[in-house]
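What follows is one structure encoded as structure tokens, with my remarks underneath.
The values are calculated or read from the model by the stated rules, or taken from the named source; none is laboratory data. Bear in mind that the values here come from a model prediction, so they are computed numbers and not experimental data. Positions of Cβ are generated from backbone atoms using ideal geometry, with glycine treated the same way; all protein chains shown enter the neighbour counts. Only protein heavy atoms, including side chains, enter the accessible area calculation; ligands, DNA and RNA are left aside. Shrake-Rupley method; radii C 1.70, N 1.55, O 1.52, S 1.80 Å.
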Amino acid sequence: MRCLIKDLKENKASEIRGMVSKVRDTKYMVFVMIKDRSGFIQVSIDKNEQKDLLDKALSITTGSIVSFTGVMKLSEYVRQGGKEFIPEKIEIISLAETIPLEENANADTKQDYRWLDLRTPKNEFLFNIQSEFVKYMREYLYNNDFTEIHTPKLLGAASESGSSVFEVKYFDTKAYLAQSPQFYKQMAIASGIERVFEVAPAFRAENSNTNRHCTEFTSFDLEFAYIDSYKDVMKLEQELLTYALKNIKEEYGDIIKERYGIDVVVPTKDFPVIDLNDLLSELNKRYGYVIPEYDIGDMNAETEKLAYKFAMEEYNSEFIFVTGFSKEKRPFYHMRKDNIPEGFDLIWRGMEITSGSQREHRYDVLSAQAKEKGLGKDVEFYMQFFKYGCPPHGGFAIGVDRITMLLLGLDHIREAQFLFRGPNRLNP
Ligand code: ATP
């Protein structure tokens, strides 16, 4: 029976199974480093005393899957805990060919061999960290009465903005891949589920090659009812992220520092909030920044970067909420007050991680706002959700890949995704 490396007891006969990370052939000994999900151990084979195992030991290659039966011994000569494993029996379960991925391979080759790239020490805990981050965000929501839902990703209409939607053949008609669960989250609210969330893929047919965009990403989306203002939405997001960061720091802070050289910073005070116009005048005053005409009323990558710089300088905060976007730049379903959308973006470490708002739940107003944006037939089904009673509500979406990238200080979002999907990347 397999024994995990962490559970080995001194001198107790056991079988360990795992992946070989290194083989070292020395004058008197062969050392095989083996790793399972609980840790790693050095397996030591004495060339003189274990002649019967030698051929097999020397045929083991890096990456092979092996089983060793024997005993664990404590030895003062062994580093990292002083444990070594002395085998009596070796079985090679799956022999690996020479690994074709060099350490300094370019980004494209790393993607070609992503499963090998994920074996490297830097990536070893990547998905444990991501998975735990999402777990804590989920946990926070469960603790606050949220219900997870699963909405369709195949849609009959091109939803919010037709231009960035993938069209797929659907028998003898067309379907579209969901770019967000927005409409269905709101349908859930109209169904009487007061607090919902979903963690699911979102698809964007944007032909942009930036370090922060992919054509398929994982969106952590939520929506909740009976809010008084979009400020309730910001408050919930601040609490959710603080909760997740606190737990991640406790569990993985040291590993993140060691592997990625970056600190996990747990916010200790409210995230600052600034109106977009005030932010732009601060950026102008401090850094001489002038936003290009076509971005007026919105933020761009440069504004986001400088907003972070400003937040650190002024508030010593990695996060900053920005409000007061122009209605032309925001979706029609954002509630407005005095013609200004009641919504926000959240910037973390120089990048937008969230857009959120109070949603317009009044059918007549929503209808007028949709018309103003020239949206007709495609949103008709959605408009129906607001005809038969719908409470005031709001919500937001966080890009899981983007927060992973920022948490670990990675250069490109493809490094934070299990498998990257971009304009030029559909495989493996
Ligand atoms: P951006 O301005 O950065 O393109 P967006 O305004 O289109 O983002 P939203 O539609 O508001 O983004 O989506 C909410 C969140 O989902 C974003 O804040 C981001 O974290 C994530 N996100 C959006 N588009 C992408 C993408 N193409 N790749 C990765 N993550 C994305």
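Table for the structure above
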quantity: Label-point separation in nm, D263 to D364, each point 7 Å along Cα→Cβ; calculated: 5.5 nm
quantity: Net charge dipole size for the chain [Lys, Arg +1 and Asp, Glu -1 on Cβ; Debye, nearest 20]; calculated: 860 debye
quantity: T61-E380 pseudo-label distance in nm [points 7 Å out on the Cα-to-Cβ vector]; calculated: 6.2 nm
quantity: Label-to-label distance, nm, for residues given as R2 and L95 (7 Å Cα→Cβ offset); calculated: 2.2 nm
quantity: Linear extension gain, K22 paired with K231, 0.36 nm per residue minus alpha-carbon span; calculated: 69.9 nm
quantity: Most positive-pole-ward Cα, Q186, L236, F171, against dipole of segment 128-251 from beta carbon charges; calculated: F171
quantity: For the chain, the longest site-free run once GluC sites (Glu not before Pro) in DSSP loop states with at most 12 other Cβ atoms within 10 Å are removed; calculated: 104-428
quantity: Whole-Hz ³J(HN,Hα) from phi, Karplus 6.51 cos²θ - 1.76 cosθ + 1.60, for segment 252-258, glycine and proline x; calculated: 10, x, 5, 5, 4, 5, 5
quantity: FRET efficiency, D270 to K9 (Cβ-Cβ, R0 56 Å, nearest 0.05); calculated: 0.65
quantity: Cα centre as origin, Lys/Arg/Asp/Glu Cβ charges: segment 124-180 dipole, Debye; calculated: 200 debye
quantity: Charged-residue dipole, Cβ positions (Lys, Arg, Asp, Glu), segment 353-403 about Cα centre, Debye nearest 20; calculated: 40 debye
quantity: Per-peptide average of other Cβ atoms within 10 Å, ordering 397-409, 24-36 highest first; calculated: 397-409, 24-36
quantity: Computed FRET value (nearest 0.05) for Y388 with D298, which takes r as the C-beta separation and R₀ as 41 Å; calculated: 0.75
quantity: Extension reserve of the M33-E372 stretch, reckoned as 0.36 nm per residue once the Cα distance is removed; calculated: 115.6 nm
quantity: Whole-Hz couplings from phi, Karplus 6.51/-1.76/1.60, listed for segment 325-342; x for Gly and Pro; calculated: 6, 7, 5, 5, 9, 10, x, 5, 8, 6, 5, 10, 10, 6, 6, 9, x, 8
quantity: Tilt relative to the chain, helix 363-372 - C-alpha long axis, 0 to 90 degrees, to 10; calculated: 90 degrees
quantity: Accessible surface of segment 65-176 [probe 1.4 Å, protein heavy atoms]: carbon and sulfur percent; calculated: 49 percent
